[in-house]
1. Counting just the residues of region 22-50 that are among the basic types (Lys, Arg) and surrounded by 10 or more Cβ atoms within 10 Å (Cβ to Cβ), which one comes out nearest to Lys124 (Cα to Cα)?
2. Please enumerate the residues belonging to region 35-63 that are under 18 Å from Arg108 (Cα atoms) and touching a residue at least 60 places away in the same chain (Cβ under 8 Å).
3. Mind checking which residues of region 59-80 are over 25 Å from Lys124 (Cα atoms) and surrounded by fewer than 14 Cβ atoms within 10 Å (Cβ to Cβ)?
4. Report, by residue number, each residue of region 96-112 that is in contact with a Lys or Arg (Cβ under 8 Å, 6 or more places away or on another chain) and either more than 26 Å from Gly5 (Cα to Cα) or at pLDDT below 95 (or both).
5. Given the criterion over 27 Å from Arg52 (Cβ atoms), touching a residue at least 12 places away in the same chain (Cβ under 8 Å), touching a His at 6+ places or on another chain (Cβ under 7 Å) and among the hydrophobic types (A, V, I, L, M, F, W, C), identify the matching residue among Ala74, Ala86, Ala79.
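The values are calculated or read from the model by the stated rules, or taken from the named source; none is laboratory data. What you see is a predicted model; the values in this text were computed from it and never measured. Glycine also receives a Cβ, built like all others from the backbone with ideal geometry; neighbour counts cover every protein chain displayed.
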Amino acid sequence: MAHLGAGRDDASHVGRTGDESSPHASAPYGRFGQHLGRNDRQNALRRNLEKRGITLPQVDHYDFLFYGPVHPEAADRAAHIPLRDAMVAVEKKLADSLRAAGYTVLNRVHCRRPLDPALWDQVKAGFSGAFPELVDY
């Protein structure tokens, strides 16, 4: 998750460091760099900023927040898929809950997978220190 500010506007972007097709997660800092790069297939954060009329030089601070690893690395794709799906459901809940708590979230996370409440409680606790209003959601 990235939390950033441009002047008086703060916003967050919710996303994981993993990949849809691979059981191997990238290092969080490497994925964050890709989010700000020029490759349109990897730079969702940059694109979402630009949609709001914010260019990278206007961003005066980045707070890079991450929680995990939540699961051990999967041995293969078959073992990866259920773990990935569970995390996407948690990402959606995190983005939606931050937005409901009054925080600005730049992206929408789309997921129809069921949410694991215990996993959500674990991840929510991991981010509640940085986002105190999240505790109520």
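1. Arg31
2. Matches in region 35-63: Ala44, Leu45.
3. Once the filter is applied, which keeps residues that are over 25 Å from Lys124 (Cα atoms) and surrounded by fewer than 14 Cβ atoms within 10 Å (Cβ to Cβ), region 59-80 yields Asp60, Ala75, Asp76, Arg77, Ala78.
4. Answer for region 96-112, where residues must be in contact with a Lys or Arg (Cβ under 8 Å, 6 or more places away or on another chain) and either more than 26 Å from Gly5 (Cα to Cα) or at pLDDT below 95 (or both): Val105, Leu106, Val109, His110, Cys111.
5. Ala74
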